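The structure appears below as structure tokens.
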Amino acid sequence: MKVVYCAYGAAKYADQLAQSVRSLKAWHPEARIVVWSSADFTQNLWNLPVEVVVSPVAERPSDWHDPLMKLRAIADQAAQAEPFLYLDTDTFIAGPLDEAWKLLSDYDCLGVHSPIPDQRGFLVLPPAPGLTRPDPAVFPEWNGGVLFFSGRDGAQRIARNWLVWQEKMIPGGGDQWTLAQALWSSGARLHALPNTWNCRLPASPSVYGAVKILHDDHPDLASVSEIINQEQRLRRIVRDGETYVLAHDLTDGRRCF
């Protein structure tokens, strides 16, 4: 299993990366981990079991992150024609990933719907010029922090198109709406995983079953994982101070399927 990260910038991203890598290796010690990074950030990576790729282009200053840095990393790895899992640094692996990985034999790209399916709309921005994908109400956007790519042409088209759209430098938004356009125009075989595979904790999600991947800027996702996965029934994850708690299912045993 090949896993790709993009890490650079402030020291907190090195801490996030270390937490995520440790959690990944706990479940998949055989994983080959590639970190796309900037030259000055590599000093934070020497003690991690990772391969480092230094970006030929420095990141752009930003109050969040540089989407182009991330998408160059993904496009570079996709061009190598082998399957990989891309993870944001603020992720935590809470269970084995084999079942999703196996689906790459049938699908070009796996991801999870974003809690906010219309990034530009949420930011009160107009639709970007040139978009051809359907309205997010019927073609919701995926979160770009957990993405499985096959090594086939369809996956390579997604990665290339995503970068091309981001390089248009259309003002506003992040990289989620450009991913949606890339998915739509790729003609690739897509599969949406349940939110347990990219559990965006700040959205207070309702989940059922074991959460496989947590996603949040939190210094101790291991303890959060224990809280979330102490049971498997339908539950809602709610922020409580510096941690999270479970709000139990209020269906009172009634079927909701």
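In the range 70-116, which residue that is of a type in the set (Lys, Arg) and crowded, with 18+ Cβ neighbours inside 10 Å is nearest to PRO194 (Cα to Cα)?
LYS70
In this structure, does ARG236 turn out to be out of contact with any helix residue (DSSP H, G or I) (no Cβ under 7 Å at 6 or more places or on another chain), modelled with pLDDT under 90 and among the charged types (D, E, K, R)?
When the stated conditions are applied, ARG236 does not pass them.
What are the pairs, 6+ residues apart or on separate chains, where a residue within the range 232-252 that is touching a residue at least 40 places away in the same chain (Cβ under 8 Å) has its Cβ under 9 Å from a residue that is β-branched (Val, Ile, Thr) and open to solvent by 40 Å² or more (accessible area, probe 1.4 Å)?
Note: pairs meeting the criteria are TYR244/ILE227; TYR244/VAL238.
Can you confirm whether VAL53 is open to solvent by less than 60 Å² (accessible area, probe 1.4 Å), at pLDDT 90 or above and not in a helix (DSSP H, G or I)?
yes
Name the residues in the range 36-49 that are of a type outside the set (Phe, Trp, Tyr) and open to solvent by 30 Å² or more (accessible area, probe 1.4 Å), would you?
Selection gives ALA39, ASP40, THR42, GLN43, ASN44, ASN47, PRO49.
Residue-by-condition table, conditions (1) more than 19 Å from the chain's Cα centre (by Cα); (2) assigned by the TED database to the domain that holds ALA11; (3) of a type in the set (Val, Ile, Thr):
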position	(1), (2), (3)
LEU97	no, yes, no
LYS102	no, yes, no
SER105	yes, yes, no
ILE116	no, yes, yes
PRO140	no, yes, no
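Please pick out the residue among ILE213, ILE227 that is hydrophobic (A, V, I, L, M, F, W, C), farther than 21 Å from GLU99 by Cβ and in contact (Cβ under 8 Å) with a residue 12 or more places away in the chain.
Unique residue meeting the criteria: ILE227.
The values are calculated or read from the model by the stated rules, or taken from the named source; none is laboratory data. Treat the numbers as computed from the prediction; the structure is a model and nothing was measured. Virtual Cβ from ideal backbone geometry, glycine too; neighbours counted across all protein chains shown. Remember, those area values only see protein heavy atoms, side chains included, never the ligands or the DNA or RNA. Shrake-Rupley method; radii C 1.70, N 1.55, O 1.52, S 1.80 Å.
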